[in-house]
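Okay, structure first, notes after.
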Amino acid sequence: MGTPVGRLANFCSVASGLIAASLVMPIVPMAALHAQPKAVQRIDSKPVADTLQNPPVLRNISSRAHTVEVNIVAAPTRISVLPGRLTDVYAYNGSIPGPTLEAREGDRVIIHFRNDLPEATTIHWHGVHLPANMDGSPFDPVPPGGHYDYVFTIPRGTAGTYWYHPHPDGRSEYQAAMGLFGAFIVRAADDPIATLPEKVIVLSDNRFRPDGSIEFADSNSTQSDVDMENGREGNVLFVNGKIRPSIQIRSGEVQRWRVINASAARVYRLSIPGQTLLHVGSDDGLFERAVETNEILVANSERVELVVRGTGGPGSTATLTDLPYDRYMPQTRPADWNTSHVLLDLRYSDQALSAPVTLPTTFRVVPALDTARATVRRTVILSQGMINGHTMDMSRVDMEASVGATEIWDVENVVGMDHPFHLHGFQFQVLDRNGVPEPFRSWKDVVNIPKHEAVRFIVHYADFPGKWMFHCHILAHEDHGMMAVLEVR
Ligand SMILES: [Cu+2]
């Protein structure tokens, strides 16, 4: 773990070098930047017979009403990640993804966490509104061999698709790459589409050495510079820890897919070619109404809820495909960025569904935060590796706010690559992107800010004073200090 100064120097030398390179001349030959490191083995994503399984659900050990009590252990283990090989990983309760935490609105959630890793870690309950000392932020590390009880109550009206992952100082990318991430689903008693068959789809990517071990770039290598700039991407794409599994569907069937981008840096542009998608929810729950679309962008740490209608014929096959998306600076754009990837196959059974499925026209009410009540307007400038010109300093408070306040944040990305922006603890509503009003209202906790664009959102600090992180969710950027502290008093 570097000191803040070390991190600053390290990141800035790469970032400024690459930014300067775009203005003057490449510091690294383009061919070298585009070369795949030798250790990385290309693995074709051939269709396999595996049918997609939802990750196992954590066992509730409490017999009390409205209480979910679970045990989670983070530990090194050796499991099969690639077919026919064993890989040394970190895992929550021995599986990748970790088991899904399921709770209902209003539940008291108690997580007994034990850290059996050889290094400090935390668990961040990404997107959940909870007390600051339960957020698993870098302020509350759990040492090796230590334990921590995370205890919080799920607020009403916040049913949605969340996830959990490590958030220790400077080590999030490494620990996530080693296998630490899992889904966290909050259900509502009045969920209008609860009867639909549900698929939890956790997207991740990784890369490996020929012996099956997880590959990390050697420090001072060109790949290390590229990983610092782009964030670490892998050439093997996983859905719930499997390579190109399949989902069975019947013609006329309607399924609910909860998609989580657990990748450290990869952005997915999802499409089922030949079919349209119904986008029904984002990070923190359902919209008021469905939005029909051909494709949807899911930046890292974002979630989407989709309703997939089986419009294909019996016996046919469709694919969930990741279309090309250019989030990169030209200097470090991967040579193969412009290719599509099949994430999973959608296989139609031979029989069609007999009765048609009707969806509600309204899913839930999403009350608007009132811009007239905003008393503070903030500007947050994202440059390469920095927020408002600084890198992270745990001893510094970058912004102060009051409990009960409503604020409008204007987050501006002034550089030539995308940065997905995450605020801890408080869900927000996007008002506009580059001045264009958001076409529908939703609760979010992360929003992608494309290169040279700006997003405004409104947020209300209902309760929970304390220090809250806000940061870029490209984990390499976060680890190297593209993070700051909001103190709510
Ligand atoms: Cu970033």
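The values are calculated or read from the model by the stated rules, or taken from the named source; none is laboratory data. From a predicted model like this one, the values you see are computed outputs, not experimental measurements. We place every Cβ from the backbone using ideal geometry, glycine too, and count neighbours over all the protein chains shown. Heads up: the accessible areas ignore ligands, DNA and RNA and are worked out on the full protein's heavy atoms, side chains in. Shrake-Rupley method; radii C 1.70, N 1.55, O 1.52, S 1.80 Å.
Based on this model, can you work out whether S354 counts as away from the ligand (no atom under 16 Å from the Cβ) and either at pLDDT 95 or above or closer than 29 Å to R489 by Cβ (or both)?
So S354 does not fit the description; no.
The rows are residues; the columns are (1) among the charged types (D, E, K, R); (2) open to solvent by less than 50 Å² (accessible area, probe 1.4 Å).
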site: R114; (1), (2): yes, no
site: N133; (1), (2): no, no
site: P138; (1), (2): no, yes
site: P143; (1), (2): no, no
site: I154; (1), (2): no, yes
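Among the numbered criteria (1) touching a Pro at 6+ places or on another chain (Cβ under 8 Å); (2) open to solvent by less than 20 Å² (accessible area, probe 1.4 Å), which one does Q223 miss?
If we test Q223 against (1) touching a Pro at 6+ places or on another chain (Cβ under 8 Å); (2) open to solvent by less than 20 Å² (accessible area, probe 1.4 Å), just (2) comes out false.
For region 453-489, give me the residue count where each residue is within 11 Å of the ligand (Cβ to nearest atom), in a loop (DSSP other than H, G, I, E, B) and either of a type in the set (G, A, S) or surrounded by fewer than 23 Cβ atoms within 10 Å (Cβ to Cβ) (or both). Explain how you work it out, then say what you get.
To start, the set of residues in region 453-489 that are within 11 Å of the ligand (Cβ to nearest atom) comprises 471-483.
Keeping just the survivors that are in a loop (DSSP other than H, G, I, E, B) gives 473-474, 480-482.
Filter again for either of a type in the set (G, A, S) or surrounded by fewer than 23 Cβ atoms within 10 Å (Cβ to Cβ) (or both), leaving 481.
Residues in region 453-489 being within 11 Å of the ligand (Cβ to nearest atom), in a loop (DSSP other than H, G, I, E, B) and either of a type in the set (G, A, S) or surrounded by fewer than 23 Cβ atoms within 10 Å (Cβ to Cβ) (or both): 1 in total.
Checking the condition away from the ligand (no atom under 16 Å from the Cβ), open to solvent by 30 Å² or more (accessible area, probe 1.4 Å) and within 30 Å of L346 (Cα to Cα), which residue from A183, A194 passes?
Answer to the selection: A194.
Which condition does R441 not pass, out of (1) outside any strand (DSSP E or B); (2) within 16 Å of the ligand (Cβ to nearest atom), if it passes all the others?
Tallying (1) outside any strand (DSSP E or B); (2) within 16 Å of the ligand (Cβ to nearest atom), R441 fails exactly one: (2).
Only one residue in I110, I61 is β-branched (V, I, T) and buried (at least 18 other Cβ atoms within 10 Å of the Cβ). Which one?
I110
Mind listing whichever residues of region 369-380 are open to solvent by 60 Å² or more (accessible area, probe 1.4 Å) and either over 25 Å from M417 (Cβ atoms) or within 16 Å of the ligand (Cβ to nearest atom) (or both)?
D370, T371, A372, R373, T375, R377
(1) on the phi > 0 side of the Ramachandran plot; (2) exposed (fewer than 15 other Cβ atoms within 10 Å of the Cβ): which one isn't true of P56, the others all being true?
Result: P56 passes all but (1).
Scan A65, A49, A15, A20 and give me the residue that is more than 26 Å from the chain's Cα centre (by Cα) and at pLDDT below 50.
When all the criteria are applied, what remains is A20.
Scan region 330-343 for residues that are touching a helix residue (DSSP H, G or I) at 6+ places or on another chain (Cβ under 7 Å) and open to solvent by 60 Å² or more (accessible area, probe 1.4 Å) and jot them down.
Result: P330, A335.
Restricting the first residue to region 188-215 and requiring it to be under 30 Å from I79 (Cβ atoms), which pairs with a second residue that is open to solvent by 30 Å² or more (accessible area, probe 1.4 Å) and assigned to a strand (DSSP E or B) meet a Cβ separation below 7 Å and a spacing of at least six or different chains?
From residues that are under 30 Å from I79 (Cβ atoms), the pairs are S213/D88.
Just to be sure before I move on: is R269 open to solvent by 10 Å² or more (accessible area, probe 1.4 Å), under 24 Å from E478 (Cβ atoms), in a strand (DSSP E or B) and out of contact with any His (no Cβ under 6 Å at 6 or more places or on another chain) in the structure I sent?
Values: open to solvent by 10 Å² or more (accessible area, probe 1.4 Å): yes; under 24 Å from E478 (Cβ atoms): yes; in a strand (DSSP E or B): yes; out of contact with any His (no Cβ under 6 Å at 6 or more places or on another chain): yes.
Here the answer is yes, as R269 does meet what is asked.
Is at least one residue of region 312-321 away from the ligand (no atom under 16 Å from the Cβ), β-branched (V, I, T), open to solvent by 60 Å² or more (accessible area, probe 1.4 Å) and touching a Phe, Trp or Tyr at 6+ places or on another chain (Cβ under 9 Å)?
Taking region 312-321 and keeping what is away from the ligand (no atom under 16 Å from the Cβ), we get 312-321.
Adding the requirement that they be β-branched (V, I, T) leaves 317, 319, 321.
Going one step further and asking which of them are open to solvent by 60 Å² or more (accessible area, probe 1.4 Å), we end up with 317.
Going one step further and asking which of them are touching a Phe, Trp or Tyr at 6+ places or on another chain (Cβ under 9 Å), we end up with 317.
Checked against the condition, which is being away from the ligand (no atom under 16 Å from the Cβ), β-branched (V, I, T), open to solvent by 60 Å² or more (accessible area, probe 1.4 Å) and touching a Phe, Trp or Tyr at 6+ places or on another chain (Cβ under 9 Å), region 312-321 yields at least one hit.
I'd like the full set of residues that are open to solvent by 70 Å² or more (accessible area, probe 1.4 Å) and hydroxyl-bearing (S, T, Y), limited to region 64-84.
Answer for region 64-84, where residues must be open to solvent by 70 Å² or more (accessible area, probe 1.4 Å) and hydroxyl-bearing (S, T, Y): just S80.
Condition first: part of a strand (DSSP E or B) and under 30 Å from V239 (Cα atoms). Can you find one or more residues in region 353-374 that meet it? Lay out the reasoning, then the answer.
At the first step, the residues of region 353-374 found to be part of a strand (DSSP E or B) are none.
Scanning region 353-374 turns up no residue that is part of a strand (DSSP E or B) and under 30 Å from V239 (Cα atoms).
Of these, T122, T87, which one is under 20 Å from the mean Cα position of the chain (by Cα) and either at pLDDT 95 or above or crowded, with 17+ Cβ neighbours inside 10 Å (or both)? Let's see the steps before the verdict.
Working: T87 fails: under 20 Å from the mean Cα position of the chain (by Cα).
From the options T122, T87, the qualifying one is T122.
Tell me the strands (runs of 3 or more DSSP E) entirely within region 381-433 that contain at least 1 residues that are within 12 Å of the ligand (Cβ to nearest atom), surrounded by 15 or more Cβ atoms within 10 Å (Cβ to Cβ) and of a type in the set (V, I, T).
Working: elements: 399-401, 406-413, 419-423, 428-433.
Hits in region 381-433: 406-413.
If L346 satisfies every condition in (1) in a helix (DSSP H, G or I); (2) buried (at least 18 other Cβ atoms within 10 Å of the Cβ) but one, which is the exception?
Result: L346 fails condition (1) only.
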